[in-house]
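For reference, the structure I am asking about is given below.
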Amino acid sequence: MSRSRFPLAVCQLRTETDYDVTMEKTAAMIHEAAVSGASVVVLPEMFSCPYSREYFHAAAKRGHSDVCRQLAGFARDNRVILVGGSVPEAENGLLYNTAFVYDESGGLLARHRKIHLFDVDLPGMHFHESHTFTPGKDITVFDTRFGRFGLAICFDVRFPELFRAMARRGAELICLPAQFNMTTGPAHWEATMRMRAVDNEVFFVAAAAARYKGFSYECWGHSMIVDPYGTALAAADETEQIILAELDLNRIDEIRAQLPTFLHLREDVYAVAD
């Protein structure tokens, strides 16, 4: 059976402190990715405001309706499926770190609220997302004209059961908007992204923000598009750029036939809910 082939791009943009400047830059990068042939475009975590508690609250006051309206327009105008990174989403007095996905007509395809909040006490770094955000509760998979996708956000990636559950629910490509930092990025970024692809023999897209040198939170960057064998099809450095790769979902069948780990799960011994 022939499977989908399609080009996918990651826009590794640097978020500016000025919201309007950031959104203008986002529009330009998505358009450039579409002109380059991308049918699916993925943005970074918290692309619309700097990754700082101060800016999270300012974004909450502004609300998420404007950024969502613009994302829908970017998807429609460029005829792409747009995985809109993530934004601060305010609802009923609570704030969520949320990714919205739009189809080629600008319709909402999916919403994922970050499940695992980034609460860490690393050497030289103390960050507690739970002081600002409320965790989500839903495993997110959704259907597109290319196949079934999964969606998670940054710190979610450190919990492999979540990704096994998405794969068990039929996800063949998983997108991860993220912002690893200058401590965890060099240590864990590449290994983690490649292994989530290998664990479940799926395509894995890790979309990071470009580094903002001197800002209070510096993102590691290094966005990646990884195939089901763990091979990086495209990878960035820390600078602002677009990476693009042609994905062939037939590759999943090939890898699972050659090395059928995902097909030989011992669910009589262990299981993850599907």
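The values are calculated or read from the model by the stated rules, or taken from the named source; none is laboratory data. What you see is a predicted model, and the numbers here were worked out from it, not measured in a lab. Every residue, glycine as well, gets a Cβ built from its backbone with ideal geometry; the counts of neighbours run over all protein chains shown.
From the list Thr140, Thr144, Thr184, Thr192, which residue is of a type in the set (S, T, N, Q) and within 15 Å of Ser86 (Cα to Cα)?
Sole residue among the options that is of a type in the set (S, T, N, Q) and within 15 Å of Ser86 (Cα to Cα): Thr140.
Which residues, counting only those in the range 114-134, are within 16 Å of the chain's Cα centre (by Cα) and at pLDDT 85 or above?
Residues satisfying the conditions are Lys114, Ile115, His116, Leu117.
Still on this model: For the range 135-147, does any single residue satisfy the condition of being modelled with pLDDT of 95 or more, closer than 19 Å to Asp199 by Cα and assigned to a strand (DSSP E or B)?
Yes, the conditions are met somewhere in the range 135-147.
May I pose another question? Only strands (runs of 3 or more DSSP E) wholly contained in the range 210-262 count here; list those with 2 or more residues that are among the charged types (D, E, K, R) and within 22 Å of the chain's Cα centre (by Cα).
Result: 241-248.
Could you grab me the full set of residues in the range 246-274 that are touching a strand residue (DSSP E or B) at 6+ places or on another chain (Cβ under 6 Å) and surrounded by 21 or more Cβ atoms within 10 Å (Cβ to Cβ)?
Leu247
One line per residue, one yes/no per condition, for (1) of a type outside the set (Lys, Arg); (2) closer than 19 Å to Gly106 by Cβ; (3) surrounded by fewer than 24 Cβ atoms within 10 Å (Cβ to Cβ):
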| position | (1), (2), (3) |
| --- | --- |
| Ala9 | yes, yes, no |
| Asp18 | yes, no, yes |
| Met23 | yes, yes, yes |
| Gly37 | yes, no, yes |
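Considering only residues of the range 39-85 that are among the hydroxyl-bearing types (Ser, Thr, Tyr) and more than 18 Å from His131 (Cα to Cα), which is farthest from the chain's Cα centre (by Cα)?
Ser65
Within the range 42-55, does at least one residue satisfy the condition of being at pLDDT 95 or above and surrounded by fewer than 19 Cβ atoms within 10 Å (Cβ to Cβ)?
no
Same structure, new question: With the checklist (1) under 25 Å from Lys114 (Cα atoms); (2) touching a helix residue (DSSP H, G or I) at 6+ places or on another chain (Cβ under 9 Å) in hand, flag the one item Tyr51 doesn't pass.
Condition not satisfied by Tyr51: (2).
Evaluate the range 155-167: report whether one residue or more is within 17 Å of the chain's Cα centre (by Cα), among the charged types (D, E, K, R) and in a strand (DSSP E or B).
No, there is no match, as no residue in the range 155-167 is within 17 Å of the chain's Cα centre (by Cα), among the charged types (D, E, K, R) and in a strand (DSSP E or B).
Given the conditions (1) in contact (Cβ under 8 Å) with a residue 12 or more places away in the chain; (2) farther than 20 Å from Arg3 by Cα, and given that Gly214 satisfies all but one, which numbered condition is not satisfied?
If we test Gly214 against (1) in contact (Cβ under 8 Å) with a residue 12 or more places away in the chain; (2) farther than 20 Å from Arg3 by Cα, just (1) comes out false.
Let me spell it out: the conditions are (1) hydrophobic (A, V, I, L, M, F, W, C); (2) without any contact (Cβ under 8 Å) to a residue 60 or more places away in the chain; (3) touching an Asp or Glu at 6+ places or on another chain (Cβ under 9 Å); (4) crowded, with 20+ Cβ neighbours inside 10 Å, and Leu13 meets all of them except one. Which number is the exception?
(2)
I would also like to ask the following. Looking at the range 63-126, what strands (runs of 3 or more DSSP E) fall wholly within it and have at least 3 residues that are over 20 Å from Ala9 (Cα atoms) and in contact (Cβ under 8 Å) with a residue 12 or more places away in the chain?
Here the list reads 87-91, 94-102.
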